[in-house]
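**Student:** Let me give you the structure first, and then I'll get to my questions.
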Amino acid sequence: MFELTKDFDLHLNNGRLLEHFHEGNMTYKATGITHKVPNPWLEVSPELAEERDIKDGSVTTGFPSPIYSEQEGKPMAKAITNIERYIPTPEEEKQKAIQQVLDAVSENHQALITLLDIVKELQEIGVLDIVQGALKNRHDIGVIAVSQLNQPGMHRIMKNGMNALQFLGKLEPGKLQNILNAVDHGIVRLTDTKSEKPMGLMGMGRAMMEPNVTLALGSMINFLRGMGEGMQEAEKHVH
């Protein structure tokens, strides 16, 4: 086989013809066959034909050979318009898919072993059975879920929840954190005083004078004032 060079940069493969046997060494002497296929030809891709400026039926001036000279005046080049693509059979596709799976298993065997251990644990504690039951009855579960969502009470719950989220979103993060800290501290004090003796009127009077109680009562009064103002504004918009 000749090495590719600057002058001879393509390998041409001699194919077989249906009409001729062994490149026509003998069959080119048969008049009937030779009349049907008088000359050999070259088949090239459309891209190569465009690159070498080759047209259907043109002479092979674009393909010099180190052995054979060009056959002047004889049409040799035939640019093919469609390249046949090999289409594998379903069995070959199946074998290819199996091989791809085996290659993936070989490359990720440790991860697959870990996954199988997790699946085994889920099976033993019954999680997979629950998931399987949910999948088998997904239509009935969906119907129940939709029917529950259509209940009037559920609509109110969803609306109230959205309103609560909107309200919390309006609060500044620092103020919200202060309120939550105060509520948490108040709950702690509430649980600590459950075992104490009931507070009498005198004790309540003294407690009212404590700075912390005064601050809390003042905050509650301001809260009630603000809530009242908000209720009045809402009434104005309604009327």
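The values are calculated or read from the model by the stated rules, or taken from the named source; none is laboratory data. Note that the coordinates shown come from a computational prediction; the quantities given were computed from them, not determined experimentally. Quick reminder, even Gly has a Cβ in these numbers, built from the backbone with ideal geometry, and neighbours come from all protein chains shown. What goes into the accessible areas is simple: the full protein's heavy atoms, side chains included, and nothing from ligands, DNA or RNA. Shrake-Rupley method; radii C 1.70, N 1.55, O 1.52, S 1.80 Å.
**Student:** For residues that are charged (D, E, K, R) and either modelled with pLDDT of 75 or more or within 14 Å of LEU10 (Cα to Cα) (or both), scanning just the range 30-52, find the one that is nearest to the chain's Cα centre (by Cα).
**Tutor:** GLU47
**Student:** Give the range 196-223 a look and list any residue that's open to solvent by 100 Å² or more (accessible area, probe 1.4 Å) and in a loop (DSSP other than H, G, I, E, B), or say none.
**Tutor:** Listed by number, the residues that qualify are GLU196, LYS197, PRO198, MET199, MET209.
**Student:** What number of residues within the range 225-239 satisfy the criterion of being of a type in the set (A, V, I, L, M) and open to solvent by less than 100 Å² (accessible area, probe 1.4 Å)?
**Tutor:** Counting residues in the range 225-239 that are of a type in the set (A, V, I, L, M) and open to solvent by less than 100 Å² (accessible area, probe 1.4 Å) gives 2.
Yes/no per residue for (1) at pLDDT 80 or above; (2) in contact with a His (Cβ under 6 Å, 6 or more places away or on another chain); (3) within 30 Å of ALA145 (Cβ to Cβ):
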| residue | (1), (2), (3) |
| --- | --- |
| ARG156 | no, no, yes |
| GLU172 | yes, no, no |
| GLU196 | no, no, no |
| VAL238 | no, no, no |
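**Student:** Run down LEU165, LEU115 and say which single residue is at pLDDT 85 or above and open to solvent by 80 Å² or more (accessible area, probe 1.4 Å).
**Tutor:** One residue alone meets the criteria, LEU115.
**Student:** For ILE157, work out the one condition from (1) open to solvent by 90 Å² or more (accessible area, probe 1.4 Å); (2) touching a helix residue (DSSP H, G or I) at 6+ places or on another chain (Cβ under 6 Å) it doesn't fulfil.
**Tutor:** Failed condition: (2).
**Student:** Moving on. What about VAL131, is it within 30 Å of GLY230 (Cα to Cα), open to solvent by less than 90 Å² (accessible area, probe 1.4 Å), at pLDDT 80 or above and not aromatic (Phe, Trp, Tyr)?
**Tutor:** no
**Student:** Being in a loop (DSSP other than H, G, I, E, B) and under 29 Å from ALA207 (Cβ atoms) is the filter here; which residues of the range 142-195 pass it?
**Tutor:** Hits for the range 142-195 are THR193, LYS194, SER195.
**Student:** TYR86 - would you say it is at negative phi, aromatic (Phe, Trp, Tyr), in a loop (DSSP other than H, G, I, E, B) and modelled with pLDDT under 70?
**Tutor:** Here the answer is yes, as TYR86 does meet what is asked.
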